[in-house]
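I have placed the structure first, in the form of structure tokens, so that the comments after it can refer back to it.
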Amino acid sequence: MIRHFISLKYFSAQELWKLVNLASDIKKNPDKYHEALDHKTVGLIFEKPSLRTKTAFFVGTEQLGGSAIYYGSDEIRLGRREKTSDVARTLSGFLDAIVLRTFSHDNVLELAQYASIPVINGLSDLLHPSQVLADIMTITEHKGDIKKLKVTYLGDGNNVCNSLIYAFSILGGNLVVATPRRYQPQKEIIEEVKMYCRISGANITISEWAQDAARDADVLYTDVWTSMGKEQEQRKRLKVFRPYQINEKILLLAKNDCMVLHCLPAHRGEEITDSVIDGNNSFVFTQAQNRLYAAKAILVYALKKNG
Ligand code: CP
Ligand code: NVA
């Protein structure tokens, strides 16, 4: 069985907790894992910019004893220079795993379909699962049992939001998502997770009301209003999203010890103010650092021997 990491929806709650616990163990005992990727080579295909994801998987691979090769957006040009299926079959003969950051989620699915090595989703327009694995780790590390928390996501119903919805619906807990009506998370995903919620007891609420969503929150989470690839919509989005900004006023509605998260990069002054992101409630750089351990856990999972 090839251990791809494409969407959190392909994992059970038990499997997701195993990954989160592995990430925590790697954080506490890095030396235990320094040969986990011995003689393994991981290819990083990034068709969009990246600071955290690229660094987490590149440094993560090397700290686990493997080596990484990076392909920027001008190199492979999936589906344009050659067919994605041909790239998959070729690279499967050289590499041990591929991390792909791309636009269409279909590219991730197609690469995985034709590769005989694990494919890790390093962000698509639809999902950002490696981010959310680190987020669950960060929340659990500092707030304990996620089932007892009110976690609120404000802003755009984007790839990060979709992956948060999968995570909470599978693991349980209360996730409130407040977005402008036209920017809600994918309807298919909201329908799909109803079944997961019945199993886990999770409550996922989708609303338009930022203030209600923020009230008594244990965690306030946001992401950019204009994701990569949507730059031409930025002016329109700036106006529509204004009520969803995490600022001091909205933070006052949340619990005093509310944890503020942002996957970064932040557009300061848009979805979050300087005073909040630099303030005492902010855990954004702890969250960013946890990307490294989550990436390592995904690599160890993907490349461990069968059995
Ligand atoms: N959060 C995140 O994925 O950051 P990068 O886009 O810098 O990788
Ligand atoms: N939603 C953002 C996440 C960046 C890490 C984007 O896709 O640009």
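A few remarks follow.
- Take 296-305, 64-73 and order them by the average number of nearby Cβ atoms within 10 Å per residue, most first; the result is 296-305, 64-73.
- GNM top mover of 95, 164, 175 - the chain, alpha-carbon springs below 10 Å: 95
- Ordered by the count of other Cβ atoms within 10 Å of each Cβ, fewest first, 216, 156, 125 give 216, 125, 156.
- Prolate/oblate/rounded label for segment 147-300 (Cα gyration tensor, a/c 1.5): rounded
- Nearest-ten-degree value, helix 13-28 long axis tilted from longest Cα axis of the chain: 80
- Size of charge dipole - segment 186-307 - debye, nearest 20, with Cβ of Lys, Arg +1 and Asp, Glu -1, no other charges: 420
- Between the residues 298, 201, 6, the greatest Cα displacement towards the positive end of the dipole of the chain, with unit charges on the Cβ of Lys, Arg, Asp and Glu, is found for 201.
- Residues 267, 105, sorted so that the one with the fewest Cβ neighbours within 10 Å comes first: 267, 105
- Converting phi to 3J(HN,Hα) with the Karplus coefficients 6.51, -1.76 and 1.60 and the offset θ = phi - 60°, segment 179-193 yields 9, x, 3, 7, 10, 5, x, 3, 4, 4, 6, 4, 5, 4, 7 Hz in sequence order, with x at every glycine or proline.
- Coil-residue GluC sites (Glu not before Pro) of segment 18-75, DSSP, other Cβ within 10 Å capped at 12: 35, 75
- Kirkwood hydrodynamic radius (C-alpha pairs) into Stokes-Einstein, the chain, 20 °C and 1.002 mPa s, D in µm²/s: 109
- Acute angle (nearest 10 degrees) that the helix 159-171 long axis makes with the longest principal axis of the chain, alpha-carbon atoms: 90
- Relative to the longest principal axis of the Cα atoms of the chain, helix 284-303 runs at roughly 30 degrees.
- Remark on residue 207: its backbone amide H falls under 5 Å from those of 177, 178, 179, a criterion applied only to residues 5 or more positions apart or on other chains, H modelled at 1.01 Å from N.
- In terms of surrounding Cβ atoms within a 10 Å radius of their Cβ, 258, 197 rank from fewest to most as 197, 258.
- Using a Gaussian network model of the chain in which every pair of alpha carbons under 10 angstrom is joined by a spring, one finds that among 79, 122, 157 the greatest mean-square fluctuation is at 79.
Taken together, the values in this text are just the output of simple stated rules run on the coordinates, not laboratory data. Every value quoted in this text rests on a predicted model; they were computed, and no experiment measured them. Counting neighbours? That spans all protein chains shown, and the Cβs are built from the backbone with ideal geometry, glycine included.
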